[in-house]
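*Asks:* To start, I am sharing the structure in question, which I have written as structure tokens.
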Amino acid sequence: MRSVVKVAKTVEEAIDSALEELNLSESDVKIEVLEEPSKGLFGLLGTRDAVVRVTVVNDPLEIVENFLKKILVYMGIKGNVLANREDDVINVEIIDINSSDMGIIIGKRGNTLDAIQYLLGLTVNKNREDYIKVILDIKGYRKKREETLIRLANRMAEKSKHSKRPVKLEPMNPYERRIIHSALQNVSGVATFSEGEEPYRRVVIQAK
């Protein structure tokens, strides 16, 4: 297991320094105080700093990587996994994968990719107090999908304004619906709202 030893004026400062280096929260580590801080004669001489050892016992990155690798094995798909953490977000990417397997992972309109992302989120946040968001991508699919949805939103907005009739889009997941709403929130002459029940909830574009 990974561990670091830190020296600081106080135990708290040493722990904070270790957690910052490891990019983990206190619930993910085991903390051992090797030496308590102390003051010397008259508080001036022989001052001793605190020394702590912080050992990783629950690394969210490793949990995500290992679980996703197992999923790929069970699906019979060859590929590698890259993951990095930025604060409370873990970005995961599947690389070194052929186009056929990539299509299987993405699924229809990204449904399979979203389902795997959901499972990763459940796994990494099990028994956690501080929530970690997991974003799973493959060869820039999410960015390309976002650009496609924005173009669709603008095109359907023009259609609604021209026909003076509401335009109903295909059912989308909450993430994709938010992209549509966001793309058109400052477009004059149209308003958007969602209707229906999951998983058939869709965005409606209405000319004003």
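The values are calculated or read from the model by the stated rules, or taken from the named source; none is laboratory data. Quantities reported herein were computed from a predicted structural model and do not represent experimental measurements. Counting neighbours? That spans all protein chains shown, and the Cβs are built from the backbone with ideal geometry, glycine included.
*Asks:* Select from region 82-102 the residues that are surrounded by 12 or more Cβ atoms within 10 Å (Cβ to Cβ) and either among the polar types (S, T, N, Q) or part of a helix (DSSP H, G or I) (or both) and list them in ascending order.
*Replies:* 91, 101, 102
*Asks:* Identify, please: which residue in region 111-134 is in contact (Cβ under 8 Å) with a residue 60 or more places away in the chain and touching a helix residue (DSSP H, G or I) at 6+ places or on another chain (Cβ under 9 Å) and is, among those, nearest to residue 60 (Cα to Cα)?
*Replies:* 124
*Asks:* So which residues in region 148-186 are in contact with a helix residue (DSSP H, G or I) (Cβ under 9 Å, 6 or more places away or on another chain) and acidic (Asp, Glu)?
*Replies:* Hits for region 148-186 are 170, 176.
*Asks:* With a cut-off of at least 1 residues that are modelled with pLDDT of 95 or more and over 30 Å from residue 79 (Cα atoms), name the strands (runs of 3 or more DSSP E) lying wholly within region 113-208.
*Replies:* In region 113-208, 190-195, 202-207 are the strands (runs of 3 or more DSSP E) which contain 1 or more residues that are modelled with pLDDT of 95 or more and over 30 Å from residue 79 (Cα atoms).
*Asks:* Can you tell me how many residues within region 175-208 are in contact (Cβ under 8 Å) with a residue 12 or more places away in the chain, closer than 17 Å to residue 147 by Cα and surrounded by fewer than 18 Cβ atoms within 10 Å (Cβ to Cβ)?
*Replies:* So the answer is 3.
*Asks:* Just one of the numbered conditions (1) of a type outside the set (Phe, Trp, Tyr); (2) touching a Ser or Thr at 6+ places or on another chain (Cβ under 8 Å); (3) in a helix (DSSP H, G or I) is not true of residue 54; which one?
*Replies:* (3)
*Asks:* Within the set of pairs 6 or more residues apart or between chains, which connect a residue that is under 16 Å from residue 184 (Cα atoms) inside region 138-152 to a residue that is modelled with pLDDT of 95 or more and assigned to a helix (DSSP H, G or I) with Cβ atoms less than 8 Å apart?
*Replies:* Close Cβ pairs satisfying both conditions: 146/179; 149/179; 149/180; 149/183; 150/179; 150/183; 152/180.
*Asks:* Residue 94: touching a Gly at 6+ places or on another chain (Cβ under 7 Å), in contact (Cβ under 8 Å) with a residue 24 or more places away in the chain and not assigned by TED's automatic domain parsing to the domain that holds residue 173, yes or no?
*Replies:* yes
*Asks:* How about region 188-200: which of its residues are in contact with a helix residue (DSSP H, G or I) (Cβ under 7 Å, 6 or more places away or on another chain) and under 28 Å from residue 113 (Cβ atoms)?
*Replies:* Residues satisfying the conditions are 192, 194.
*Asks:* Taking region 64-81 as the search range and keeping residues that are more than 18 Å from the chain's Cα centre (by Cα) and assigned to a helix (DSSP H, G or I), which one is farthest from residue 19 (Cα to Cα)?
*Replies:* So the residue we want is 74.
*Asks:* Being under 23 Å from residue 2 (Cα atoms) and touching a residue at least 24 places away in the same chain (Cβ under 8 Å) is the requirement here; does residue 84 meet it?
*Replies:* no
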